[in-house]
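The values are calculated or read from the model by the stated rules, or taken from the named source; none is laboratory data. All values reported here derive from a predicted model rather than from experimental measurement. Please note: Cβ atoms are built from the backbone with ideal geometry, for glycine as well, and neighbour counts cover all protein chains shown. Quick note on the areas: whole protein, heavy atoms, side chains included, nothing else; ligands and nucleic acids left out. Shrake-Rupley method; radii C 1.70, N 1.55, O 1.52, S 1.80 Å.
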Amino acid sequence: MPGQPRVVLLKPLVTSPLIEVGEFSYYDDPDDATAFETRNVLYHYGPERLVIGRFCALGTGTRFIMNGANHRMDGPSTFPFPTMGGSWADHFDLLTGLPNRGDTVVGNDVWFGHGATVLPGVRIGHGAIIGAGSVVTQDVPDYGIVGGNPARPIRTRHSDEDVARLLAVAWWDWPAELITEHVRTIMSGSVADLEAVVPPR
């Protein structure tokens, strides 16, 4: 981003067909924000996908641990001998059928605090906030705020009724021109203010 070399929009940088990032979602890292795909999406060998919505803000050190990090836990040892090669590779069948929690999915307008970690298969709802240093092991509801290790619900940002109204408004799907015209309402207006400018469908 101009004047902010530590902040990058992720959509143009991602090359893996297993990662999808929506427009305007960004990552902030002073050490090499452009290396997000290799430094922050870990153990991603497929077939599961990482899907990040539009307008998400990812603080420095936000990491997604994917299913490839899993080890067998049903025997005496968790050590992955076959991955070390040599004659141990003859036992690669022992690594098939490991637990797979499926795709990791992040909604739109999600804010990740510094050093947040998301474990495999988690689904994070629209408008959620993930506290700094959190380890997210379970799904996070729309507009939920979670924090801690493991991350636990702190509160919701809005009432259930207002969450439903915000999901119906879905401002993140509006045309860029309309978003630009109503940035102040999106950032500081009421739900009713947003509803008043919803484009016809």
Calculated FRET value between PHE79 and THR38, using beta carbons and R₀ = 25 Å, to 0.05 | 0.50
If you average 1/r over every pair of different alpha-carbon atoms in the chain and take one over that average, what Kirkwood value in Å do you get?
-> 18.5
Contact order relative to length of the range 37-164, as percent, for alpha carbon pairs under 8 angstrom and 6 or more apart | 21
With 10 Å bins from 0: P(r) over the range 1-100, alpha-carbon pairs, percent | 14, 38, 23, 18, 6, 0
Of THR104, THR15, THR156, which is the most mobile in a GNM of the chain whose springs link Cα atoms less than 10 angstrom apart?
-> THR15
Do the sum for the chain: with -39,500 (n - 2.57) for every DSSP H run of n ≥ 4, divided by all residues, what is the mean residue ellipticity at 222 nm, to the nearest 500 deg cm²/dmol?
-> -4000 deg cm²/dmol
Dipole magnitude of the range 7-157, debye to nearest 20 (Cβ charges: Lys/Arg +1, Asp/Glu -1, about Cα centre) | 420
Put TRP171, TRP111 in order of accessible area, largest first, probe 1.4 Å, and you get TRP111, TRP171
Under a 1.4 Å probe, counting only protein heavy atoms, ASP28 has an accessible area in Å², nearest 10, of 40
Specify which residue in the list THR117, SER16, SER188 is farthest towards the positive end of the charge dipole of the chain, using unit charges on the beta carbon of Lys, Arg (+1) and Asp, Glu (-1), about the Cα centre.
-> THR117
Within the set PRO141, PRO30, PRO175, GNM on the chain using Cα springs under 10 Å gives the largest fluctuation to PRO175
Hey, what angle do you get for helix 160-169 against the long axis of the chain, alpha-carbon based, 0 to 90 degrees rounded to 10?
-> 80
Would you be so kind as to identify which of HIS126, PRO200, LEU178 lies farthest towards the positive end of the dipole of the range 115-201, taking Lys and Arg as +1 and Asp and Glu as -1 on Cβ and the Cα centre as origin?
-> HIS126
